[in-house]
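Notes follow once the structure below has been shown.
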Amino acid sequence: MAKKQATDPTLLLGNQLCFAIYSTAHAFNRVYKPLLEGLGLTYPQYLAMLVLWERDGLSVKEIGDRLFLDSGTLTPLLKRLEAAELIKRTRSTEDERQVLIALTSRGQALRDKARAVPQGILAASGCSVTELAAMKNQLIALRERLNSAFGE
């Protein structure tokens, strides 16, 4: 049996904001999984598709910047989307080092099916649109402050 220890409240797991965010991310993933299985996408692939549905024809770097991912993480994800015939990767004619990503007709058509995903998240959260928007804005502001603490 574990021995109970008196500890500093600042070191209690339940008092950590980072753990609340981490465990909430896991809960989100559990809700997203069945919603995205119908689309044939993983959560990271869904995020990449959201970026492309918003603005098609971006470079790998531009997508990575939007998703806070480096090209080493993003490239295998994009290759799987290409294998699924949702995107097409081509080298830029202006700069061969740049890889441009464009939606295929199949990738564009998937957007209509994806419209149900946000509604599923909203329903599972039990929150109003206003509540979720306020939380999102607070998290974005926190992310920006944390990033600026390291000069990013």
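Observations, loosely collected:
- Residue count for the stretch 52-110 satisfying the condition of being part of a helix (DSSP H, G or I) and either more than 23 Å from LEU36 (Cα to Cα) or out of contact with any strand residue (DSSP E or B) (no Cβ under 7 Å at 6 or more places or on another chain) (or both): 23.
- Only listed residue being out of contact with any Gly (no Cβ under 6 Å at 6 or more places or on another chain), at pLDDT 95 or above and exposed (fewer than 14 other Cβ atoms within 10 Å of the Cβ), chosen from ARG106, ARG97, ARG80: ARG106
- The residue pairs whose first member lies in the stretch 22-51 and is at positive phi, whose second member is part of a loop (DSSP other than H, G, I, E, B), and whose beta carbons are closer than 9 Å, counting only pairs six or more residues apart or on different chains, are GLY40/ALA84; GLY40/LEU86.
- Only listed residue being modelled with pLDDT under 95 and under 16 Å from the mean Cα position of the chain (by Cα), chosen from SER71, SER92: SER71
- Scanning the stretch 120-135 for residues that are closer than 19 Å to GLY40 by Cβ and either free of Cβ contacts under 8 Å to residues at least 24 places away in the same chain or aliphatic (A, V, I, L, M) (or both) yields one hit, ILE121.
- Among the criteria (1) within 17 Å of TYR46 (Cβ to Cβ); (2) within 20 Å of the chain's Cα centre (by Cα); (3) in the same structural domain as LEU36 (by TED's automatic domain parsing), the one GLU85 does not fulfil is (2).
The values are calculated or read from the model by the stated rules, or taken from the named source; none is laboratory data. Just so you know, these numbers come straight off a predicted model, no measurement behind them. Glycine also receives a Cβ, built like all others from the backbone with ideal geometry; neighbour counts cover every protein chain displayed.
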